[in-house]
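The values are calculated or read from the model by the stated rules, or taken from the named source; none is laboratory data. All figures in this text were calculated on a predicted structure; none of them were measured in a lab. Neighbour counts are summed over all protein chains in view; Cβ atoms, including those assigned to glycine, are modelled from backbone coordinates with ideal geometry.
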Amino acid sequence: MATPLHATLTEGRVSTQLKYLALPLVWGLMATMSHNAIETFFIAQLGREQLAALSFTFPVIMVLTSLGIGLGAGTSSAVARAIGEGNAVRAQRLATDAMSLTFIISASVCLLGWLTLEPLFTALGATPELIPLIRSYMSIWYFSAPCLMVPMVCLSAMRAMGMSQVQGYLMGGAALLNVVLDPILIFGLLGFPALGLQGAALATLITRVMMLLVAFYILHVRVQMLVNPFLPWEKLKKSWLTIIEVGIPAMVANVIIPFASAIVVAMVAVYGTDAVAALGIAMRIEPLALIVFYALSGVIGPFFGQNLGAGKIDRLKEAMRVLTFFCLAFGLVLALVLGVFGADLAGLFGDHAEVVTITATYLMIVPVSYGAYGLVMSVNAAFNGLGRPWPAMIISAGRVLYLYLPLAWLGQHWWGITGIFVATAVANLLLGAWAWLWLRKYILQQSSSSAEP
């Protein structure tokens with residue numbers, strides 16, 4: 001396979017190109033999110049305590065995943081802009097150094113998490129009875145995290161080259177392997193011992209190691225994107241700074257999302273184990289509904305980066321028009337479907353009446369704002385691709401600090417747990433309008449600058 005180090009995203013019809021870039025990611029993300037839902041179903045069969053323990057791990061897992069997403073955003077942005085400028089050597093250097101940086105950061109953070117496991121989850125509201133269950137899962141999961149984050153950065157480099165189909169295949173294959181391993185290790189099939197939550201974590205570890213090996217092989221051998229990782233400190237530092245210039249704000253922006261989730265879990269925990277279990281189910285269904293938006297945000301960064309590097313501002317304007325229409329229209333469809341079938345979906349995870357009721361309430365209220373939230377994801381990805389990560393960070397921080405926290409406090413005070421869900425929807429709607437206006441203003445400024453002699 002030839003090395004595709006040329007700007008493949010700067011020509012052709014914008015809407016068609018975005019569709020064909022996003023579709024492979026849709027299928028890959030669908031496989032991954034489906035696995036998450038299926039794993040939740042398996043663990044729900046173990047009991048409400050195990051399901052609640054898994055729900056408590058969700059914000060922490062999202063924080064570490066967000067670190068990988070942030071580093072991936074920095075890698076994708078830097079590599080895409082280098083390719084758009086026609087600098088293949090710099091693109092290879094940036095991709096290589098992103099791998100080493102990600103491994104160092106991920107290993108350090110996961111070691112810290114492993115050492116502070118009990119006090120961390122106690123602070124999140126986990127009861128003493130749930131701590132052993134959480135420990136059985138997370139003590140293994142932490143060791144698998146670097147094998148998740150490094151492939152995420154590998155795949156981000158591939159997206160920067162317009163190779164989103166490779167990521168789709170890898171994600172689909174990994175999800176399939178994990179779905180096969182989960183029941184074997186959780187319930188003890190085919191002669192294996194029944195490991196419960198530990199089995200789910202062990203299946204994840206095995207899958208991620210395999211994914212790391214395959215992703216590294218493709219990036220290094222097939223597309224020859226990786227070069228010698230050892231170089232003088234000054235050059236390495238310069239390369240790392242280019243990545244973290246976007247990566248750190250993107251990490252912060254992404255960490256804010258699970259930070260908000262952690263707040264929600266802590267607020268919902270006061271309503272009992274059933275409420276936490278219901279929230280856990282809703283948080284597994286929600287990513288499935290948002291798959292298309294996640295896929296779009298995955299390709300918007302490289303698209304904006306390459307076209308900015310090539311100086312094609314008109315394509316950025318067209319991309320924004322396409323994104324606005326699609327996000328709002330598709331978000332309306334999601335709200336209708338989940339509002340009608342929310343209780344049926346919740347019932348697939350168990351027959352506990354209180355759990356089903358709370359989950360259905362969440363899916364009746366929050367999806368009204370999914371279109372606006374999808375627009376926020378695309379706007380943040382666009383800013384990262386443009387090498388302007390701070391607007392994305394400010395928008396995400398504003399959602400939690402200026403909008404969500406005050407609204408959630410008021411909502412809980414007035415309407416209890418339902419008020420928390422209403423606050424989530426209102427915050428998403430307001431944030432969507434703010435993000436859209438900001439990106440529109442920035443693109444118009446770039447267009448005016450490029451038109452000047």
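Consider only pairs whose beta carbons are under 9 Å apart and that are at least six residues apart or on different chains; among these, list those whose first residue lies in segment 309-322 and is free of Cβ contacts under 8 Å to residues at least 12 places away in the same chain and buried (at least 19 other Cβ atoms within 10 Å of the Cβ) and whose second residue is outside any helix (DSSP H, G or I) and of a type in the set (S, T, N, Q).
Qualifying pairs under 9 Å: none.
Considering only residues that are over 19 Å from Lys235 (Cβ atoms) and more than 20 Å from the chain's Cα centre (by Cα), look in segment 73-84 and name the one that is surrounded by the fewest Cβ atoms within 10 Å (Cβ to Cβ). Before you say what the answer is, go through the steps one by one.
Filtering segment 73-84 down to residues over 19 Å from Lys235 (Cβ atoms) leaves 73, 76-77, 80, 83-84.
Filter again for more than 20 Å from the chain's Cα centre (by Cα), leaving 83-84.
Working: Ile83: 28, Gly84: 25.
Filtering segment 73-84 for residues that are over 19 Å from Lys235 (Cβ atoms) and more than 20 Å from the chain's Cα centre (by Cα), the one surrounded by the fewest Cβ atoms within 10 Å (Cβ to Cβ) comes out as Gly84.
Does Gln412 qualify as being of a type in the set (S, T, N, Q) and free of Cβ contacts under 8 Å to residues at least 24 places away in the same chain? Walk me through it before giving the result.
Details: of a type in the set (S, T, N, Q): yes; free of Cβ contacts under 8 Å to residues at least 24 places away in the same chain: no.
Answer is no for this residue.
Being among the β-branched types (Val, Ile, Thr), on the phi < 0 side of the Ramachandran plot, crowded, with 21+ Cβ neighbours inside 10 Å and within 20 Å of the chain's Cα centre (by Cα) is true for just one of Val26, Val109, Val60. Which residue is that? Before the answer, list the steps.
Working: Val26 fails: crowded, with 21+ Cβ neighbours inside 10 Å; Val109 fails: crowded, with 21+ Cβ neighbours inside 10 Å.
Being among the β-branched types (Val, Ile, Thr), on the phi < 0 side of the Ramachandran plot, crowded, with 21+ Cβ neighbours inside 10 Å and within 20 Å of the chain's Cα centre (by Cα) holds for just one of Val26, Val109, Val60, which is Val60.
Among Leu29, Leu25, which is the only one that is within 30 Å of Arg315 (Cα to Cα) and at pLDDT below 80? Spell out how you get there, then give the answer.
Numbers: Leu25 fails: at pLDDT below 80.
Answer to the check: Leu29.
Which residue pairs have Cβ atoms under 7 Å apart, sit 6 or more places apart or on different chains, and have a first residue in segment 151-170 that is closer than 12 Å to Phe216 by Cα and a second that is of a type outside the set (S, T, N, Q) and not in a helix (DSSP H, G or I)?
Going by the 7 Å Cβ cut-off, the qualifying pairs are Ala157/Met225.
Looking at Ala126, Ala145, Ala160 in this structure, which one is modelled with pLDDT under 80 and under 22 Å from Gly199 (Cα atoms)?
Working: Ala145 fails: modelled with pLDDT under 80; Ala160 fails: under 22 Å from Gly199 (Cα atoms).
Within the list Ala126, Ala145, Ala160, the selection yields Ala126.
Quick grid of which residues meet (1) farther than 30 Å from Ala53 by Cβ; (2) at pLDDT 85 or above:
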site	(1), (2)
Pro229	yes, no
Val246	yes, no
Ser261	no, no
Asp274	no, no
Phe293	no, yes
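Could you tell me whether any residue of segment 312-335 is charged (D, E, K, R) and touching an Asp or Glu at 6+ places or on another chain (Cβ under 7 Å)?
So the first thing to find is which residues in segment 312-335 are charged (D, E, K, R), and the list is 312, 314-315, 317-318, 321.
Now restrict to residues that are touching an Asp or Glu at 6+ places or on another chain (Cβ under 7 Å): none.
Checked against the condition, which is being charged (D, E, K, R) and touching an Asp or Glu at 6+ places or on another chain (Cβ under 7 Å), segment 312-335 yields no hits at all.
Give me the pairs: first residue in segment 108-119 and farther than 12 Å from Val60 by Cβ, second residue at pLDDT 85 or above and surrounded by 11 or more Cβ atoms within 10 Å (Cβ to Cβ), beta-carbon distance under 8 Å, and six or more apart or on different chains, which are they?
That search, which allows pairs on different chains as well, returns Leu111/Tyr142; Glu118/Ile131; Glu118/Arg135.
Just the residues that are closer than 25 Å to Glu234 by Cα and small (Gly, Ala, Ser), please, taken from segment 85-125. Can you show your working first?
Start the filter on segment 85-125 by keeping residues that are closer than 25 Å to Glu234 by Cα, which leaves 85-109.
Those that are closer than 25 Å to Glu234 by Cα and small (Gly, Ala, Ser): Gly86, Ala88, Ala91, Ala95, Ala98, Ser100, Ser106, Ala107, Ser108.
Being under 23 Å from Phe303 (Cα atoms) and surrounded by fewer than 24 Cβ atoms within 10 Å (Cβ to Cβ) is the filter here; which residues of segment 378-417 pass it? Spell out how you get there, then give the answer.
To start, the set of residues in segment 378-417 that are under 23 Å from Phe303 (Cα atoms) comprises 378-396.
Gly387, Arg388, Trp390, Pro391, Met393, Ile394, Ile395 - these are the residues of segment 378-417 that are under 23 Å from Phe303 (Cα atoms) and surrounded by fewer than 24 Cβ atoms within 10 Å (Cβ to Cβ).
In this structure, does Gln198 turn out to be farther than 12 Å from Glu39 by Cα and surrounded by 23 or more Cβ atoms within 10 Å (Cβ to Cβ)? Explain how you work it out, then say what you get.
On the way: farther than 12 Å from Glu39 by Cα: yes; surrounded by 23 or more Cβ atoms within 10 Å (Cβ to Cβ): no.
When the stated conditions are applied, Gln198 does not pass them.
Go through (1) out of contact with any Ser or Thr (no Cβ under 8 Å at 6 or more places or on another chain); (2) of a type in the set (S, T, N, Q); (3) modelled with pLDDT of 80 or more and name the single condition Ser66 misses.
Against the list (1) out of contact with any Ser or Thr (no Cβ under 8 Å at 6 or more places or on another chain); (2) of a type in the set (S, T, N, Q); (3) modelled with pLDDT of 80 or more, Ser66 comes up short only on (3).
Residue pairs, Cβ under 6 Å, 6 or more apart or interchain, first in segment 45-60 and more than 23 Å from Leu115 (Cα to Cα), second outside any helix (DSSP H, G or I). List them.
If the second residue must be outside any helix (DSSP H, G or I), the pairs left are Leu46/Gly196.
If you take the residues of segment 236-252 that are touching a residue at least 24 places away in the same chain (Cβ under 8 Å) and under 15 Å from Ser100 (Cβ atoms), which of them is surrounded by the most Cβ atoms within 10 Å (Cβ to Cβ)? Steps first, answer last, please.
If we filter segment 236-252 for residues that are touching a residue at least 24 places away in the same chain (Cβ under 8 Å), which is where we start, we get 236, 239-240, 242-252.
The next check asks that each one be under 15 Å from Ser100 (Cβ atoms); those that pass are 236, 239-240, 242-244, 247.
Working: Leu236: 17, Ser239: 21, Trp240: 18, Thr242: 23, Ile243: 25, Ile244: 20, Gly247: 30.
Looking at residues that are touching a residue at least 24 places away in the same chain (Cβ under 8 Å) and under 15 Å from Ser100 (Cβ atoms), I get Gly247.
Can you tell me how many residues in segment 131-154 are crowded, with 21+ Cβ neighbours inside 10 Å and touching an Asp or Glu at 6+ places or on another chain (Cβ under 7 Å)?
1
Exactly one condition in (1) buried (at least 21 other Cβ atoms within 10 Å of the Cβ); (2) in a helix (DSSP H, G or I); (3) in contact with a Phe, Trp or Tyr (Cβ under 8 Å, 6 or more places away or on another chain) is false for Trp114; which is it?
Trp114 satisfies all of (1) buried (at least 21 other Cβ atoms within 10 Å of the Cβ); (2) in a helix (DSSP H, G or I); (3) in contact with a Phe, Trp or Tyr (Cβ under 8 Å, 6 or more places away or on another chain) except (1).
State whether one or more residues within segment 129-142 are over 21 Å from Ala295 (Cβ atoms), in contact with a Gly (Cβ under 9 Å, 6 or more places away or on another chain), touching a residue at least 40 places away in the same chain (Cβ under 8 Å) and polar (S, T, N, Q).
Checked against the condition, which is being over 21 Å from Ala295 (Cβ atoms), in contact with a Gly (Cβ under 9 Å, 6 or more places away or on another chain), touching a residue at least 40 places away in the same chain (Cβ under 8 Å) and polar (S, T, N, Q), segment 129-142 yields at least one hit.
Within segment 175-219, track down each residue that is modelled with pLDDT under 85 and of a type in the set (S, T, N, Q).
The answer is none; no residue qualifies.
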